[in-house]
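The values are calculated or read from the model by the stated rules, or taken from the named source; none is laboratory data. Source: prediction; values computed, not measured. Virtual Cβ from ideal backbone geometry, glycine too; neighbours counted across all protein chains shown.
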Amino acid sequence: MPLQNNYFATCLGPSTFTCTMGVQMVITNTSYNRANVPEIQQFLGATSLTNLTYKTFPLVLFPDLKEDKSLKTVFGNWKLLARILKALLCGVTSLHHTSSSGGAHTNSMKWSIQQVLPGSIAWAAVIGIFLLSPDTEFSSSSVSKRSTISYKELFFNYKKVLVSKWSTKCIKAIVTNIDHYIFKAA
């Protein structure tokens, strides 16, 4: 079954992206054509609404949505990535509650996950881009029909960068922030 865009949009809610209220509402409305919203397309690195081509490292991955061509601060928009991972690992309600006591066993407990690794951060980055894209599901071909984004290629590029920069001060700080956000109450 293909992953539907509305699952994570519903999980994360409008507070996930720091942008104008109008754009926040569009992100959670999965039937809305996000390809026609210039601000969203800018987050993905599209330079024109008529010729939608997307950057491998779009603004949404950088802190304050400001691109760093050296990629030193890529994945610096860590709170977006942390919220995506927390929804997956700890459940959607964990995004709205600080306590982790009681309740059903979370995926992080079932899978014995206590920290994030390059693959999980790369996956969260791909999901963040997917939520902003005009796509409504992942296709089995790994290249979306609507946006022509190759999510498989993005994942491998992101993981490669994360593995190669894993010991840098910036990536260590990002990982620490994500780990604390997800697992602080555990």
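Tabulated results
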item: Residue within the range 108-122 that is under 28 Å from Ala35 (Cβ atoms), touching a Lys or Arg at 6+ places or on another chain (Cβ under 9 Å) and surrounded by 13 or more Cβ atoms within 10 Å (Cβ to Cβ) present; result: yes
item: Residue that is farthest from Leu89 (Cα to Cα), among those in the range 11-66 that are of a type in the set (S, T, N, Q), modelled with pLDDT under 60 and surrounded by fewer than 20 Cβ atoms within 10 Å (Cβ to Cβ); result: Thr20
item: Qualifying residues in the range 115-135 (those that are of a type in the set (S, T, N, Q) and under 15 Å from the mean Cα position of the chain (by Cα)) - the one modelled with the highest pLDDT; result: Ser120
item: From the options Lys72, Lys110, residue that is at pLDDT 90 or above and of a type in the set (D, E, K, R); result: Lys72
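Table: residues versus (1) surrounded by 17 or more Cβ atoms within 10 Å (Cβ to Cβ); (2) basic (Lys, Arg); (3) in contact with a Gly (Cβ under 7 Å, 6 or more places away or on another chain); (4) assigned to a helix (DSSP H, G or I).
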site: Ile127; (1), (2), (3), (4): yes, no, no, yes
site: Ser141; (1), (2), (3), (4): no, no, no, no
site: Lys160; (1), (2), (3), (4): no, yes, no, yes
site: Ile171; (1), (2), (3), (4): yes, no, no, yes
site: Val175; (1), (2), (3), (4): yes, no, no, yes
